[in-house]
Amino acid sequence: MAEVKVKVQPPDADPVEIENRIIELCHQFPHGITDQVIQNEMPHIEAQQRAVAINRLLSMGQLDLLRSNTGLLYRIKDSQNASKMKGSDNQEKLVYQIIEDAGNKGIWSRDIRYKSNLPLTEINKILKNLESKKLIKAVKSVAASKKKVYMLYNLQPDRSVTGGAWYSDQDFESEFVEVLNQQCFKFLQTKAETARESKQNPVIQRNSSFASSHEVWKYICELGISKVELSMEDIETILNTLIYDGKVEMTIIAAKEGTVGSVDGHMKLYRAVNPIIPPTGLVRAPCGLCPVFDDCHEGGEISPSNCIYMTEWLEF
């Protein structure tokens, strides 16, 4: 008599247990999990059962569906975001998630289209809807004046997007920078003159003529000449321009941890200097600093005869 083989079907797993296990996996891997990860962790669960559990979690707003180079990713949804996106469809949730991942540097609509694989007309409709709900905002980037980047509504744009304190509505504030330049130099000049008038020995005079970037920053803040909040990094940028102009020199000293103005146990000090001899006219010529000097020749696209910098220098 032939042996009859009976295939034993594994008992159906509880759908709630499958969902709880998927949630646990998402907590273990906060950046997201693939279907392969779920399959490896629950090999006895049929594909249809996994799909039902995942779709249910997506419909309840407990998971986010993302696209990556390796395929679809499932990620646990933040409770705050879940309440914000309540009532939104999956496409809207996907676009919102892509914008959230971009952080305060934002993302162009072209990149949203690439990551979501949605048609541009649909993306524009979703973006307009999210803006009307004040979930996202569009910010003009100084890197591309005709393009906007999208980020979450409550985020402060990164300096690379806005240009920092030196830009206003994408326009470089050259006059503002010049005023800061003059005031920083004036402060260092005054400190150097006070040190010279002290009639102490040259070493003490020299040391007392230095000022930290924090002192210069405090002076500028007290003047109240800036409508925007300036950081020490902003002031150091201005001081660096003075160094390049030969008006200021910088030195770095060791400082105790916690000292005001110190970073990683070091402090930058600046002082105004006077050139020993005035630079000659040849040194001031724009050719010395021209980045396309090697490509400049008479009869070429770049030549001394049509150089605007040479013309300005000769007129001066």
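The values are calculated or read from the model by the stated rules, or taken from the named source; none is laboratory data. None of these values were measured; they are calculated from a predicted model. Neighbour counts run over all protein chains shown; Cβ positions are idealised from the backbone, glycine included. Keep in mind that these areas ignore ligands, DNA and RNA; they rest on the heavy atoms of the full protein, side chains included. Shrake-Rupley method; radii C 1.70, N 1.55, O 1.52, S 1.80 Å.
Some observations on this one:
- Qualifying positions in the range 196-254 - among the aromatic types (Phe, Trp, Tyr) and either modelled with pLDDT of 85 or more or more than 29 Å from the chain's Cα centre (by Cα) (or both): Phe210, Trp217, Tyr219
- Residue count for the range 105-117 under the criterion of being open to solvent by 50 Å² or more (accessible area, probe 1.4 Å) and under 13 Å from Lys148 (Cα atoms): the result is 4.
- Selection within the range 256-276 - hydrophobic (A, V, I, L, M, F, W, C), open to solvent by 50 Å² or more (accessible area, probe 1.4 Å) and modelled with pLDDT of 75 or more: none
- The residues of the range 27-51 that are in contact (Cβ under 8 Å) with a residue 40 or more places away in the chain, closer than 13 Å to Lys77 by Cα and surrounded by 14 or more Cβ atoms within 10 Å (Cβ to Cβ), listed by number, are Gly32, Ile33.
- Ser198 being farther than 30 Å from Lys140 by Cα and touching a residue at least 40 places away in the same chain (Cβ under 8 Å): no
- Filtering the range 148-160 to residues that are within 18 Å of Ile98 (Cα to Cα) and touching a residue at least 24 places away in the same chain (Cβ under 8 Å) leaves Lys148, Val149, Tyr150, Met151, Leu152, Leu155, Gln156, Pro157, Asp158.
- Odd one out for Phe187 among (1) without any contact (Cβ under 8 Å) to a residue 40 or more places away in the chain; (2) surrounded by fewer than 17 Cβ atoms within 10 Å (Cβ to Cβ); (3) more than 30 Å from Ile99 (Cβ to Cβ): (2)
- Residue check: Pro279 meets all listed conditions (1) modelled with pLDDT under 80; (2) under 30 Å from Glu175 (Cβ atoms); (3) in contact with a Ser or Thr (Cβ under 7 Å, 6 or more places away or on another chain) but one, namely (3).
- Evaluation of Glu222 against (1) touching a residue at least 60 places away in the same chain (Cβ under 8 Å); (2) surrounded by fewer than 11 Cβ atoms within 10 Å (Cβ to Cβ); (3) charged (D, E, K, R) (one fails), failing number: (1)
- In the range 118-140, the residues that are more than 18 Å from Asn90 (Cβ to Cβ) form Cβ pairs under 7 Å with partners that are among the acidic types (Asp, Glu) and open to solvent by less than 80 Å² (accessible area, probe 1.4 Å), at six or more places apart or across chains, as follows: Lys137/Glu131; Ala138/Glu131.
- Among residues of the range 236-252 that are over 15 Å from Glu178 (Cβ atoms), those with a beta-carbon under 8 Å from a residue that is at pLDDT 85 or above and polar (S, T, N, Q) at least six positions away or on a different chain give the pairs Glu236/Ser213.
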